[in-house]
Amino acid sequence: MRFPENFWWGTAASAPQTEGESSSHGKSQSTWDRWFELEPEKFSGVGPETTSNVYNCYKEDIQLMKDMHLNSYRTSISWTRLMPDGITVNEEAVQFYRDYFKTLIEHGIEPTINLFHFDMPWWMMEKGGWTNPQITTYFEEYARQCILHFGDLVKHWVTFNEPLVHVECSYISGHHYPAIHDLRKAVVSGYHTILAHAKAIRAMKGVRNDIKVGTVLNLTPVYSGSNQEKDVIASQKAHLLIVRSFLDPMVKGIFPQELIDLLKTHELLIETDVADLDIIKTNTAEFLGVNYYQPMRVQAPQKTARVPMQTLDDLFVPFVWENRRMNPYRGWEIFPEALYDIAMMLKHDYQNIPWYVSENGMGVADEARFKDDAGMIQDDYRIEFIQEHLEVLHRGIQEGSNCFGYHLWTFVDCWSWLNGYTNRYGFISLDLDTQKRTPKKSSVWFKSFIENQSK
Ligand code: BGP
């Protein structure tokens, strides 16, 4: 498989999942820091304070990236480190991020920097987080400060990582703080996120025009459980709510009329301001990152939808495909073919926007049991996983989809939200007690895969 010239080979991570030092060097609390303090029993033993300590170890990690011939990396800035009260810029954070980004560049690794990876500042959460319209103004200023301080170094920016996830997990499924079920709040916070994306782009491009600003979405085709009309209709509704809800406004600048109609039918349509809709229309993503782990399969619910709808189950429910292949650790289906469908959807329905696979990977529990005598984790399952996804991606590119890179989640095993360190995803394993990094077999394989690209 030969991929295009200058293809991005790299990995992704985020500030809250890697940096550590979460309550020092002038950083204020994020919602994760605060939630762990309030309800530690919800987390699998480890909080956000204890991570792979990238704040202190970034030089070592970047050297390991270079050794693997990786040419790109995505991480995020911690809003609460850069602007602890939302107004004042923390000079120590500026120094840290400038050194971090400079080191990446000096090692030939192109940084893509994300503004928000689920880490809502606690001071903003106390005011309602994404449900409060004021957040769009704070976020716009934060975005502007990022370009003022780092725009000379970093040329690729993304506004959000998986905005659907903070909306869904905070206000529907209960996996993020405040962990409540309120569909109206979900719609409101989704809308403010989209407006914040557009305002951030306006602010960032207003400071410098030599940067590219995109966004990262978790995308999957929605597969209907059968060809029966009721299941197909259910899958179309899921596609509107799960895929097009963010993709259309963030990339095309408009909300799909069918989504507006659906929300109206279920008494969930909210008031919007014409001037704000105009900002959304005129400030769209220049490129897209696609996080893909597992496909979505749905079928029609047994009962008729309630009006107003109470839960998403009123419209569609999961469909369990009998032939599915599972990653049993994370409970996620493995279905590489979806990457081809995503590639074609972006080519045909989204003006063939430049995009890359910004996250893909396999979380595995108790990986230490796969260590060989020399201490290297023999993660052949991960090699197979990556290879299969690359094969499908390659086919999509050959058929004209504008994909420019592939990033694995993640580089060094990292902290994960409520799951702590249960599932390991990295090319490099982490001993949490000693902070020792050890390359896994997949890192050796991926290095030679990259080498072969230039032969
Ligand atoms: C993505 C997130 C990442 C990462 C990954 C793996 O949705 O962007 O932050 O955590 O999923 O998921 P998890 O850590 O829940 O296993």
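Every number here is computed from the coordinates shown, using simple stated rules; none is lab data. Computed from a predicted structure; not experimentally measured. Note: ideal-geometry Cβ built from the backbone for every residue, glycine included; neighbour counts use all protein chains shown.
In whole Hz, what ³J(HN,Hα) sequence does the stretch 214-220 give by Karplus (6.51, -1.76, 1.60; θ = phi - 60°), x for Gly and Pro?
After applying 6.51 cos²θ - 1.76 cosθ + 1.60, I find x, 8, 10, 10, 8, 10, 8 Hz.
Which lysines, on any chain, are close to K441 with Cα under 16 Å apart, when same-chain ones fewer than 8 places away are left out?
K371
What's the extension gain from D372 to V207 if we count 0.36 nm per residue and subtract their Cα-Cα distance?
The D372-V207 span can extend by a further 54.2 nm.
Please report C414, C169, C403 as a ranked list, fewest other C-beta atoms within 10 angstrom at the top and most at the bottom. Show your work: numbers first, answer last.
Working: C414 22, C169 19, C403 26.
In order of increasing Cβ crowding within 10 Å: C169, C414, C403.
List the GluC sites (Glu not before Pro) within the stretch 380-455 that DSSP assigns to loop and that have no more than 13 neighbouring Cβ atoms inside 10 Å. Working shown, then result.
On the way: sites: E384, E388, E391, E399, E451; in loops: E399.
Within the stretch 380-455, the qualifying GluC sites (Glu not before Pro) (loop, at most 13 other Cβ atoms within 10 Å) are E399.
Subtracting the Cα-Cα distance from 0.36 nm times the residue separation, let me have the gained length for D313 to N132 in nm, one decimal. Walk me through the intermediate numbers first.
Working: separation 181, 0.36 × 181 = 65.16 nm, distance 2.66 nm.
That pair, D313 and N132, stretches by 62.5 nm at full extension.
Could you list R437, R325, R395 so that the one with the fewest beta carbons within 10 Å of its beta carbon is first and the one with the most is last? Spell out each step's value before the answer.
Values: R437 19, R325 9, R395 16.
Ascending number of Cβ neighbours within 10 Å: R325, R395, R437.
Gain in length, K66 to Y350, computed as 0.36 nm per residue apart minus the alpha-carbon separation, to one decimal in nm? Display every interim value, and only then the final one.
Details: separation 284, 0.36 × 284 = 102.24 nm, distance 3.39 nm.
98.8 nm is the gain from fully extending K66 to Y350.
Under 5 Å between amide hydrogens, which residues at least 5 positions from W332 or on another chain qualify, with H placed 1.01 Å from N in the peptide plane?
N327
Which chymotrypsin sites (Phe, Trp or Tyr not before Pro) from the stretch 392-439 combine a DSSP loop assignment with at most 15 other Cβ atoms within 10 Å?
Values: sites: F404, Y406, W409, F411, W415, W417, Y421, Y425, F427; in loops: F411, W415, Y421, Y425, F427.
Passing sites in the stretch 392-439 do not exist.
Could you work out how far the C-alpha centroid of the stretch 262-301 sits from that of the stretch 371-419, in angstrom?
28 Å
What whole-number volume per residue, in cubic angstrom, does the convex hull of the C-alpha atoms of the stretch 107-254 give?
Values: hull volume 21.2 nm³, N = 148.
With only Cα atoms used, the stretch 107-254 gives 143 Å³ per residue.
Could you run the Karplus curve 6.51 cos²θ - 1.76 cosθ + 1.60 with θ = phi - 60° over the stretch 425-438 and give me ³J(HN,Hα) per residue in whole Hz, x for Gly and Pro?
Working through the residues one at a time gives 10, x, 6, 10, 8, 10, 8, 5, 6, 9, 6, 6, 9, 10 Hz.
In debye, nearest 20, what is the charge dipole magnitude of the stretch 8-453 about its Cα centre with +1 on Lys and Arg Cβ and -1 on Asp and Glu Cβ, if you could check? Don't skip to the end; give the middle numbers.
Details: 42 positive and 58 negative charges, 107 e Å.
Result for the stretch 8-453 is approximately 520 debye, rounded to the nearest 20.
Starting from the amide H of G214, placed 1.01 Å from N in the peptide plane, find each other amide H under 5 Å away whose residue is 5 or more places distant or on another chain.
Close amide H contacts, sequence-distant or interchain: W157, V158, T159, E286, F287.
Excluding P40 itself, calculate the net charge of residues whose Cβ lies under 12 Å from the Cβ of P40, where each Lys or Arg counts +1 and each Asp or Glu counts -1. Kindly include the intermediate steps, with their values, before the conclusion.
Numbers: positive: R34, K42; negative: D33, E37, E39, E41, E49.
Its environment carries a net charge of -3.
Under 20 Å from a point placed 7 Å out from the Cα of E399 along the Cα-to-Cβ direction: which residues of the stretch 1-35 have their backbone N that close?
Under 20 Å, as judged by backbone N against the label point of E399, lie 1-4 of the stretch 1-35.
For G405, enumerate residues with amide H under 5 Å from its amide H, sequence gap 5+ or separate chain, H modeled in the peptide plane.
Under 5 Å from the amide H of G405 lie the amide H atoms of W8, V357, each far enough along the sequence or on another chain.
Just flag the GluC sites (Glu not before Pro) in the stretch 126-210 sitting in loop per DSSP whose Cβ has no more than 12 other Cβ atoms within 10 Å.
Numbers: sites: E126, E140, E141, E168; in loops: E126.
Counting only loop positions with at most 12 other Cβ atoms within 10 Å, the GluC sites (Glu not before Pro) in the stretch 126-210 are E126.
What number does the stretch 329-455 give for Rg over Rh if you use C-alpha atoms and the Kirkwood radius? Show your work: numbers first, answer last.
Working: Rg = 16.1 Å, Rh = 15.9 Å.
In the stretch 329-455, Rg relative to Rh is 1.01.
Just to check, using Stokes-Einstein with a Kirkwood Rh over alpha carbon pairs, what's the diffusion coefficient of the chain at 25 °C and 0.890 mPa s in µm²/s? Please report the intermediate quantities before stating the final value.
On the way: Rh = 22.5 Å.
Once the numbers are plugged in, D ends up at 109 µm²/s.
Let's test the formula: R0 of 45 Å, r as the Cβ-Cβ distance of E92 and Q257. What FRET efficiency results, to the nearest 0.05?
Values: r = 48 Å, r/R0 = 1.07.
It comes to 0.40.
Among K212/K347; K303/K347; K42/K185; K230/K281; K205/K264; K185/K212, which pairs are too far apart, with a Cα-Cα distance over 25 Å?
Values: K212/K347 20 Å; K303/K347 36 Å; K42/K185 23 Å; K230/K281 33 Å; K205/K264 34 Å; K185/K212 31 Å.
Over 25 Å Cα-Cα: K303/K347; K230/K281; K205/K264; K185/K212.
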